[in-house]
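Asker: Please see the structure below; I have some questions.
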Amino acid sequence: MKTVLRAQSVTKSFGGLVAVRNFSMEVGEGEIVGLIGPNGAGKTTFLNVVTGFLKPDSGRVFFMGEDITGLPPHKICIKGVARTFQLIKPFSKMTILDAIAAGALVRVRSKVEAYRRAQEIIEFLRLRNPERLCGSLNVVEEKLVELGRALATKPKLLLLDEIAAGLRPSEIEEMKKTLKLIRDEFGLSLVVVEHVMPLVMGVSDRVVVMSSGSKIAEGRPEEVASNPKVITIYLGERRGRARG
Amino acid sequence: MFRQPLSPKGFLTLLAIVALLSLPFIIRHEYWIYVLTIGFYYAILASTWNVMAGYLGRVSFAHAAFAAIGAYASALSVLHLKVHPVLGMAIGTVAGAVFSFFIGYLSLRLRGVYFTLSTLAFAEIFRIIVTVEYEYTRGSLGLETEHLIVTMSYIPYYYVALALLLGTVFSTYLILNSAFGLKIMAVGNSEEAAEAIGIDSAKVKVVTFLYVSALTSLAGAFYGHFIGLVSPEVGAFDQLALIIAMTVVGGMGTLPGPVIGALLLEFFSEYLREFGIFRLLIFAGLIIVTVRFFRRGLYGTLKERLISVGGSP
Ligand SMILES: Nc1ncnc2c1ncn2[C@@H]1O[C@H](COP(=O)(O)OP(=O)(O)OP(=O)(O)O)[C@@H](O)[C@H]1O
Ligand SMILES: [Mg+2]
């Protein structure tokens with residue numbers, strides 16, 4: 001299997017706090033990798049380093065064998081890495097069609113062609129009334145537009161930061177299907193950062209567990225789920241939450 | 001059923017253009033022709049400021065200053081290089097482009113407020129230099145300059161200003177509806193999301209600021225050769241405030257809004273002249289009332305109502 005993403009000993013700290021510590025992971029072609037871990041584990045920070053929103057203190061990020069460490073976000077997107085945001089960043093005053101077409105512009109020059117590609121993605125995601133403003137949508141639609149915008153850039157690697165947060169169980173089932181379909185139809189690799197266990201365990205080929213910035217476990221979903229270290233962390237977190 | 005059919009909109013636009021073209025034949029009063037010409041000047045400034053604030057989401061406080069840059073660059077080149085005012089206006093435009101490129105390049109890469117603060121600082125520095133360099137600029141007395149057209153009537157100026165305004169609105173329309181326009185709006189909505197989908201946000205911001213400032217300088221240069229005098233007043237803060245008020249009253253983030261707001265406020269401010277000292281008070285009251293009852297400006301609110309009446313899903 002070809003390696004699409006290779007992160008090597010990435011470290012990133014904020015002041016005295018080490019958010020990501022000597023963290024390495026790989027993603028193969030067509031693979032869906034789940035990235036889980038308790039709140040504050042460093043998952044989002046890691047995604048920000050991969051996509052160029054943060055520069056790592058040390059370590060390197062390779063995409064398709066090429067060193068992309070420290071490139072600005074738009075250049076990393078041009079290389080073929082797309083993402084969604086944990087706190088969604090919608091183009092509120094734009095229509096669904098315009099927002100997704102804006103994503104297509106990184107691959108095509110003409111607006112007509114961008115609209116055509118956006119229309120395809122809108123149909124694929126089954127978004128209705130694409131003339132609506134992005135600021136007027138429900139949670140599911142907002143997440144789908146966020147996803148569609150990223151897909152429109154024709155990525156080889158798509159990083160999703162808690163795409164299922166705030167969804168109802170039935171919607172999570174839908175999202176699971178959508179993600180698998182995306183992998184198959186668009187032929188890309190996915191990194192799924194998620195707290196929603198049914199989704200991440202159901203969709204991932206492999207799961208990486210992060211805690212306090214470090215990798216503490218890795219393997220097939222069922223292996224990870226029965227790993228004592230992982231259980232301890234999650235139980236500890238639940239106890240912590242119950243107390244707080 | 002969301003998209004407005006293009007024909008009524010196009011029809012209204014055409015109607016407005018025809019009306020503006022024929023106005024000098026209807027209004028036989030030179031004074032109101034003069035007022036409308038000044039109104040067109042402000043309409044250009046409000047339209048271009050609106051591209052920054054209403055679409056790119058960046059507030060420039062140097063907008064009036066760029067009009068002054070154009071005016072001074074043109075007046076000085078007409079005076080010293082002995083060029084025709086038309087060439088002077090071209091030089092003024094280039095001067096605006098050059099200055100805006102440097103300001104934009106230095107400050108637009110930083111986050112929002114730094115840009116606004118930089119434009120504020122720049123506008124103030126420019127004003128001070130112009131006022132102090134008396135030898136070249138005649139300071140606050142103002143620099144006399146050649147008129148663009150030798151004529152006894154304001155009508156030729158009216159048509160030149162109208163042509164500049166239509167050119168500005170039309171080119172802005174084309175840009176906003178192009179692929180680049182999508183990028184402008186993307187950056188205006190969320191710079192980070194725009195970067196994440198491969199948009200070079202710094203480039204989009206610098207290019208947009210350059211376009212906007214060059215047009216503003218062109219308008220300023222025209223204004224100088226219309227009045228025949230260029231003073232620091234052109235770039236003063238109250239001018240900026242007026243431009244902002246016009247945009248907000250008409251409807252920020254819409255194409256016709258700033259034009260409507262500019263013509264309306266210019267008209268009122270002239271009409272209210274006879275109220276002397278109460279003029280500013282009434283003027284401010286009008287603005288507050290408009291903004292209170294038309295939250296998105298006159299045109300913006302009207303458009304919103306029409307859309308909701310027209311029936312969305
Ligand atoms: N910009 C920042 N400045 C300072 N500290 C930060 C910043 N971003 C994240 N942190 C800190 O770094 C640590 C890791 O945060 P991060 O957001 O990466 O965690 P996460 O795994 O995504 O958590 P969650 O599951 O809650 O989203 C946290 O302690 C957080 O408070
Ligand atoms: Mg996170």
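Asker: Give B:Leu265, B:Leu272, B:Leu306, B:Leu242 a once-over and let me know the one that is in a helix (DSSP H, G or I), touching a residue at least 40 places away in the same chain (Cβ under 8 Å) and over 18 Å from the mean Cα position of the chain (by Cα).
Answerer: Residue meeting the stated conditions: B:Leu306.
Asker: Which of the helices (runs of 4 or more DSSP H) found entirely inside the stretch A:138-244 contain at least 3 residues meeting this: within 16 Å of ligand 1 (Cβ to nearest atom)?
Answerer: Ranges flagged: A:197-203, A:228-243.
Asker: Here's another thing I want to ask about it. Quick check on this structure: which one of A:Glu171, A:Glu131 is within 12 Å of another protein chain (Cβ to nearest Cβ) and surrounded by fewer than 19 Cβ atoms within 10 Å (Cβ to Cβ)?
Answerer: Going through A:Glu171, A:Glu131 in turn, the sole match is A:Glu131.
Asker: Show me the helices (runs of 4 or more DSSP H) found entirely inside the stretch B:132-208 where at least 2 residues are within 14 Å of another protein chain (Cβ to nearest Cβ).
Answerer: Qualifying helices (runs of 4 or more DSSP H): B:155-176, B:179-189, B:191-196.
Asker: In addition: Inside the stretch A:108-122, can you point out the residues that are within 12 Å of another protein chain (Cβ to nearest Cβ) and farther than 14 Å from B:Gly181 by Cβ?
Answerer: Within the stretch A:108-122, A:Val108, A:Glu113, A:Ala118 meet the criteria.
Asker: Tell me, please, whether a residue that is at pLDDT 90 or above, surrounded by 24 or more Cβ atoms within 10 Å (Cβ to Cβ) and touching a strand residue (DSSP E or B) at 6+ places or on another chain (Cβ under 9 Å) can be found in the stretch B:40-47.
Answerer: Among the residues of the stretch B:40-47, not one is at pLDDT 90 or above, surrounded by 24 or more Cβ atoms within 10 Å (Cβ to Cβ) and touching a strand residue (DSSP E or B) at 6+ places or on another chain (Cβ under 9 Å), which makes the answer no.
Asker: Between A:Leu97, A:Leu147, A:Leu105, which is more than 20 Å from B:Lys183 (Cβ to Cβ), away from ligand 2 (no atom under 16 Å from the Cβ), modelled with pLDDT of 95 or more and not basic (Lys, Arg)?
Answerer: On inspection, the qualifying residue turns out to be A:Leu147.
Asker: Okay, next question. Please go through the stretch A:171-193 and pick out each residue that is touching a residue at least 40 places away in the same chain (Cβ under 8 Å) and either within 16 Å of ligand 2 (Cβ to nearest atom) or of a type in the set (Val, Ile, Thr) (or both).
Answerer: A:Thr178, A:Val191, A:Val192, A:Val193
Asker: Against the definition (modelled with pLDDT of 90 or more and buried (at least 24 other Cβ atoms within 10 Å of the Cβ)), how does B:Ala68 come out, yes or no?
Answerer: Yes; evaluated as a whole, the condition is true for this residue.
Asker: Within the stretch B:210-221, is even one residue touching a Lys or Arg at 6+ places or on another chain (Cβ under 7 Å), in a helix (DSSP H, G or I) and either closer than 21 Å to B:Leu87 by Cβ or of a type outside the set (Lys, Arg) (or both)?
Answerer: No, the stretch B:210-221 has no match at all.
Asker: Considering the stretch A:39-89 alone, what residues qualify as being within 13 Å of ligand 1 (Cβ to nearest atom), at positive phi and modelled with pLDDT of 95 or more?
Answerer: The one that is within 13 Å of ligand 1 (Cβ to nearest atom), at positive phi and modelled with pLDDT of 95 or more: A:Gly42.
Asker: Okay, next question. May I ask you to say which residue of B:Thr131, B:Thr48, B:Thr116, B:Thr93 is more than 18 Å from B:Gly228 (Cβ to Cβ), of a type outside the set (A, V, I, L, M) and touching a Pro at 6+ places or on another chain (Cβ under 7 Å)?
Answerer: Being more than 18 Å from B:Gly228 (Cβ to Cβ), of a type outside the set (A, V, I, L, M) and touching a Pro at 6+ places or on another chain (Cβ under 7 Å) holds for just one of B:Thr131, B:Thr48, B:Thr116, B:Thr93, which is B:Thr131.
Asker: Given the conditions (1) assigned to a loop (DSSP other than H, G, I, E, B); (2) touching a residue at least 24 places away in the same chain (Cβ under 8 Å), and given that A:Ala99 satisfies all but one, which numbered condition is not satisfied?
Answerer: (1) is the only condition that A:Ala99 fails.
Asker: Looking at this structure, is A:Ile68 closer than 17 Å to A:Gly219 by Cα, touching a Lys or Arg at 6+ places or on another chain (Cβ under 8 Å), away from ligand 2 (no atom under 14 Å from the Cβ) and in the same structural domain as A:Arg206 (by TED's automatic domain parsing)?
Answerer: No; evaluated as a whole, the condition is false for this residue.
Asker: Here is a follow-up. Scan A:Phe46, A:Phe63 and give me the residue that is within 16 Å of ligand 2 (Cβ to nearest atom) and surrounded by 19 or more Cβ atoms within 10 Å (Cβ to Cβ).
Answerer: Testing whether each residue is within 16 Å of ligand 2 (Cβ to nearest atom) and surrounded by 19 or more Cβ atoms within 10 Å (Cβ to Cβ) leaves just A:Phe46.
Quick grid of which residues meet (1) among the basic types (Lys, Arg); (2) closer than 29 Å to B:Pro256 by Cβ; (3) touching a helix residue (DSSP H, G or I) at 6+ places or on another chain (Cβ under 9 Å):
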{"position": "B:Ile38", "(1), (2), (3)": "no, yes, yes"}
{"position": "B:Ile44", "(1), (2), (3)": "no, yes, yes"}
{"position": "B:Val51", "(1), (2), (3)": "no, yes, yes"}
{"position": "B:Leu81", "(1), (2), (3)": "no, no, yes"}
{"position": "B:Leu106", "(1), (2), (3)": "no, no, yes"}
{"position": "B:Arg109", "(1), (2), (3)": "yes, no, yes"}
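Asker: Please go through the stretch A:1-27 and pick out each residue that is in contact (Cβ under 8 Å) with a residue 60 or more places away in the chain, touching a Ser or Thr at 6+ places or on another chain (Cβ under 7 Å) and surrounded by fewer than 16 Cβ atoms within 10 Å (Cβ to Cβ).
Answerer: Correct list: A:Asn22, A:Ser24.
Asker: For the stretch A:154-194, which positions are under 21 Å from A:Arg6 (Cα atoms) and hydroxyl-bearing (Ser, Thr, Tyr)?
Answerer: A:Ser189
Asker: Could you look through the stretch A:194-211, keep only residues that are within 14 Å of ligand 2 (Cβ to nearest atom) and under 19 Å from A:Asn22 (Cβ atoms), and pick out the one that is modelled with the lowest pLDDT?
Answerer: Ranking the qualifying residues of the stretch A:194-211, first place goes to A:Ser211.
Asker: Scan the stretch B:12-22 and give yes if some residue there is touching an Asp or Glu at 6+ places or on another chain (Cβ under 6 Å) and in a helix (DSSP H, G or I), otherwise no.
Answerer: Checked the stretch B:12-22: no residue is touching an Asp or Glu at 6+ places or on another chain (Cβ under 6 Å) and in a helix (DSSP H, G or I).
Residues are listed down the side, and each one gets a yes or a no for (1) within 22 Å of B:Ala161 (Cβ to Cβ); (2) in contact with a strand residue (DSSP E or B) (Cβ under 9 Å, 6 or more places away or on another chain); (3) at pLDDT 85 or above:
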{"residue": "B:Ala219", "(1), (2), (3)": "yes, no, yes"}
{"residue": "B:Gly228", "(1), (2), (3)": "yes, yes, yes"}
{"residue": "B:Gly235", "(1), (2), (3)": "yes, no, no"}
{"residue": "B:Leu265", "(1), (2), (3)": "yes, no, yes"}
{"residue": "B:Leu280", "(1), (2), (3)": "no, no, no"}
{"residue": "B:Phe283", "(1), (2), (3)": "no, no, no"}
{"residue": "B:Val291", "(1), (2), (3)": "no, no, no"}
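Asker: Can we say A:Phe85 is farther than 30 Å from A:Lys2 by Cβ, within 10 Å of another protein chain (Cβ to nearest Cβ) and either part of a loop (DSSP other than H, G, I, E, B) or touching a strand residue (DSSP E or B) at 6+ places or on another chain (Cβ under 6 Å) (or both)?
Answerer: In short, no.
The values are calculated or read from the model by the stated rules, or taken from the named source; none is laboratory data. Remember, predicted model here, so these are calculated numbers, not experimental data. Don't worry about glycine lacking a Cβ; one is built from the backbone with ideal geometry, like all the others, and counts go over all protein chains shown.
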